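What follows is one structure encoded as structure tokens, with my remarks underneath.
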Amino acid sequence: MLFACWGLNTHFSSGPLKSNVTVVIPSGTGLSHITNILTQRGILNQPFVFKVAAKLLGKSKNLRAGEYFFEAHSSPNAVLEKLSSGNIILRQLTIPEGLTSLEVIRKLYQTEGLIGQVSVKVPEGTVLPETYNYEFGDTRNSILLRMQKEMILFIENESEKRRINLPLKSKEDVITLASIIEKEAVLDSERDIIASVFINRLNKKMKLQADPTVRYGVSTLANKKRLTHKDLNRQTAHNTYKINGLPPTPICNPGKASIIAALSPASTDFFYFVANGLGGHFFSKTLKEHNQNVLKWREIRDRL
């Protein structure tokens, strides 16, 4: 009787942990192993009492693997409740807009807590840039599949809401155009205007002539500040100075704002744009106006 009272008091009293700690409980770990881990980390000092309490309270079979945060002096009962409720730490992974699929995969390999090799196919433009919650021990494949599912859901929902007459034959075309917008736009306020330029050019059967499509897939051009005429004339599958219409695939994974811009372009008569030196662009309706704006940009660029 005295032992039972002592054990009960011990289970609900403050524990020995001196400072907050994070602990990982591996998958497939049973009660005894979990108790050993908690004891070794200084969270418990009466492992036998903890195991007895877990069994008597019917929680010994319900302890979840995962990453847990324990506050200093957590009682054994609080520890047991946390483990049995699966109150694990949720980590966050942010995929920025405009990464290529290769860059997304590279980021997953650099992310702490994810496991496993990437074996799922990740075509360009199939991942939705967003902040995702994940648990320690989640697989990279599972995260990628979630990202791809989110892209499918988003493009389907936005396409349904914006049924307008566009020279885009499929959702894949929308994502491809959005990927170019993503790489061209710096200011959010310009995304729909940039979209309108490309839509206007598609309607007129004009080449898109988008610099980011020249850089795509050519490592020597990826970080080159100024593209030359030789670069623009390079014959590649994605170079929209050389091909008609959209490139065969997206050139990155576009974000939500660029996808919405592709589906809802501004109504303009613009066919050209060039940087204005302030993060935005000069837009023009005619080639003559555009050439004048190019001269302005070169003057600004030379002063930088």
Fully extended contour minus Cα-Cα distance, from Val52 to Lys288, at 0.36 nm per residue: 76.5 nm
Relative contact order (%) - criterion: Cα under 8 Å, at least six apart; region: segment 2-85: 45 percent
Extended-chain gain in nm, criterion 0.36 nm per residue less alpha-carbon gap, Val24 and Ala237: 71.9 nm
Charge tally in the Cβ shell below 10 Å around Ala257, where Lys, Arg are +1 and Asp, Glu are -1, Ala257 excluded: -2
Value of Rg to Rh for segment 123-245 (Rh from inverse mean 1/r over Cα pairs, i.e. Kirkwood): 1.01
FRET efficiency for His33 and Ser170, using Cβ-Cβ distance with R0 set to 45 Å, rounded to 0.05: 0.30
Rounded to 10°, Cα long-axis angle of helix 140-161 versus longest principal axis of the chain: 50 degrees
nm² value of the averaged projected area, convex hull over the Cα atoms of the chain: 21.3 nm²
Computed E for Leu221/Glu67 - FRET, C-beta separation, R0 30 angstrom, nearest 0.05: 0.10
Efficiency of FRET between Ser75 and Phe154 - r from beta-carbon atoms, R0 51 angstrom, step 0.05: 0.70
Selection from Ser19, Leu144, Asn223 lying farthest towards where the dipole of the chain points positive, charges on Cβ: Asn223
Gyration tensor (alpha-carbon) shape descriptor, segment 178-303, a/c threshold 1.5: rounded
Distribution of pairwise C-alpha distances over segment 2-85, 5 Å bins, in %: 3, 16, 30, 28, 17, 5, 1, 0
Cα-based convex hull, segment 113-186, per residue volume (Å³, whole number): 115 Å³
Nearest-ten-degree value, helix 2-12 long axis tilted from longest Cα axis of the chain: 20 degrees
Entries in Lys204/Lys285; Lys121/Lys169; Lys204/Lys256; Lys107/Lys171; Lys207/Lys242 that, when Cα-Cα distance is taken, lie over 19 Å: Lys121/Lys169; Lys204/Lys256; Lys107/Lys171
Degrees separating the helix 76-85 axis from the principal Cα axis of the chain, which is the longest one: 40 degrees
Student exercise, segment 92-154 dipole from Lys, Arg, Asp, Glu Cβ charges, in Debye to nearest 20: 200 debye
Rh by Kirkwood over Cα pairs, then Stokes-Einstein D for segment 92-154 at 0.890 mPa s and 25 °C, µm²/s: 212 µm²/s
Computed [θ] at 222 nm, deg cm²/dmol, the chain (DSSP H ≥ 4; -39,500 (n - 2.57); rounded to nearest 500): -13500 deg cm²/dmol
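Each value in this text was obtained by applying a stated rule to the coordinates, not by laboratory testing. Quick caveat, the model's predicted, so the values are computed rather than measured. Virtual Cβ from ideal backbone geometry, glycine too; neighbours counted across all protein chains shown.
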